[in-house]
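Every number here is computed from the coordinates shown, using simple stated rules; none is lab data. Given the structure is predicted, the values throughout are model-derived calculations rather than measurements. Reconstructed Cβ throughout: ideal geometry from the backbone, glycine too, with neighbour counts over all protein chains shown.
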Ligand SMILES: [Zn+2]
């Protein structure tokens, strides 16, 4: 079995954040990177116990600089993304399952520790087909495009809640901490988190058949409310539909193409370059 893991840096137990006025600032980056890597390794141990043969970890936070490869479990490989011509996901239909570690809640969730949606300085709200969505949901939809089930999400309580809301038919979750406000939190002890991650990853993969990717609708509408009008001006110049002074919309029938436009690709270019095609019938 081939497993994909995508990581973020705000969700592990022990990441310490503050606001820089609007957005997030991690004030203990070396420790945050260490606790994330240890959570990844605990998850990898569980996956191996359940029969995983290949595990690719995508360092998904910011500039892909959160995981020290020298400390990564020897059975795992590490993917990093940089430059201009990058794929918007390391996923394809060859994976059996995907996992999100270190996840955080979408922008504006009161108890979501370091909550934000991609850019903590520019995105006020994001909706997919009318439903509020953040990074957890977007990653679930990316995987669904390739018919890959999301089997496990870890992060604070609010992140776990968000994962269950997006996958009401079932996803395993491991809470790493209990958020009180955006920068106030009670972290679980890492040893307890690691033990739970190990056991939950193993159980989830052993019961892989219980987890299903979301059913894809025929069309996608991604609506983004920016934090100020000048940010919406940039989107309008790129060709996005302007709904009001703060809000833009991207539409399409192919989710990865719609999502690539969020990352600055012109329509169709990303999928042509990386050979991405919608294939709903591989499983
Ligand atoms: Zn994030």
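Scattering from the C-alpha atoms of the range 1-137 alone, worked out with Debye: what is log10 I(q)/I(0) at q = 0.18 1/Å?
Listed by q, the Debye log ratios stand at -1.08.
Would you work out the relative contact order for the range 136-279, in percent, from Cα pairs under 8 angstrom that are 6 or more residues apart?
21
Let's test this: bin the Cα-Cα distances of the range 163-283 at 10 Å from zero up to the farthest pair and state each bin's percent.
So the P(r) values, bin by bin, are 11, 24, 26, 29, 11.
Just to be sure I understand: of the beta bridges DSSP finds with both ends in the chain, what percent are antiparallel, rounded to 5?
Here the antiparallel bridges make up roughly 50 percent for the chain.
Please figure out what share of the DSSP beta bridges in the range 1-110 is antiparallel and state it in percent, rounded to the nearest 5. Write down the numbers at each step before the final one.
On the way: 3 of 18 bridges.
Rounded to the nearest five, the antiparallel share is 15 percent.
Using Cα pairs closer than 8 Å and at least 6 residues apart in sequence, work out the relative contact order for the range 79-194, in percent.
27 percent.
In square nanometres, what is the average projected area of the Cα convex hull of the range 57-152?
With the hull built on Cα positions only, its mean projection is 7.7 nm².
Quick check: residue separation of residue 19 and residue 233 times 0.36 nm, minus the Cα distance between them. What number comes out in nm?
Working: separation 214, 0.36 × 214 = 77.04 nm, distance 2.57 nm.
Length gained between residue 19 and residue 233: 74.5 nm.
Could you tell me the largest-minus-smallest coordinate of the C-alpha atoms of the range 1-82 on each of the three principal axes, in descending order and whole angstroms?
Reported extents, whole Å, longest axis first: 46, 26, 20.
Using a Gaussian network model of the chain whose springs link C-alpha atoms within less than 10 Å, name the residue from 54, 18, 272 with the highest mean-square fluctuation.
Looking only at 54, 18, 272, the biggest GNM fluctuation is shown by 272.
Computed over the Cα atoms of the range 112-214, what is the convex hull's projected area averaged over all directions, in nm²?
With every direction weighted equally, the projected area is 7.1 nm².
How would you rank 237-250, 182-195, 144-157, 33-46, highest first, on the average number of other Cβ atoms within 10 Å across their residues?
Order by mean packing, descending: 144-157, 33-46, 182-195, 237-250.
Compactness ratio of the range 100-168: Cα Rg over 2.2 N^0.38 Å, N = residue count?
Normalised Rg, Cα atoms only: 1.03.
Mind telling me which of 84, 162, 135 comes out most flexible in a GNM of the chain, alpha-carbon contacts under 10 Å?
Checking each option, the largest mean-square fluctuation is seen for 84.
Where both partners of a DSSP beta bridge lie in the range 146-283, what percent of those bridges are antiparallel, to the nearest 5?
Taking every DSSP beta bridge within the range 146-283, about 70 percent pair in antiparallel fashion.
Cα gyration tensor of the range 176-231, axes a ≥ b ≥ c as square roots of the eigenvalues: rounded (a/c below 1.5), prolate (a/b > b/c) or oblate?
On the way: a/c = 4.78, a/b = 1.23, b/c = 3.90.
Oblate is the answer for the range 176-231, as a/c is 1.5 or above yet b/c matches or exceeds a/b.
Taking 1 over the mean of 1/r across every pair of different Cα atoms in the range 38-92, what Kirkwood radius in Å do you get?
By the Kirkwood definition, the hydrodynamic radius is 12.2 Å.
Please give the direction-averaged projected area of the C-alpha convex hull for the chain, in square nanometres with one decimal. Mind dumping the intermediate values first?
Details: hull surface 54.5 nm².
If you wrap the Cα atoms of the chain in a convex hull and average its projections, you get 13.6 nm².
Dividing the convex hull volume of the alpha carbon atoms of the range 206-276 by its residue count, what do you get in Å³ per residue? Spell out each step's value before the answer.
Values: hull volume 9.1 nm³, N = 71.
With only Cα atoms used, the range 206-276 gives 128 Å³ per residue.
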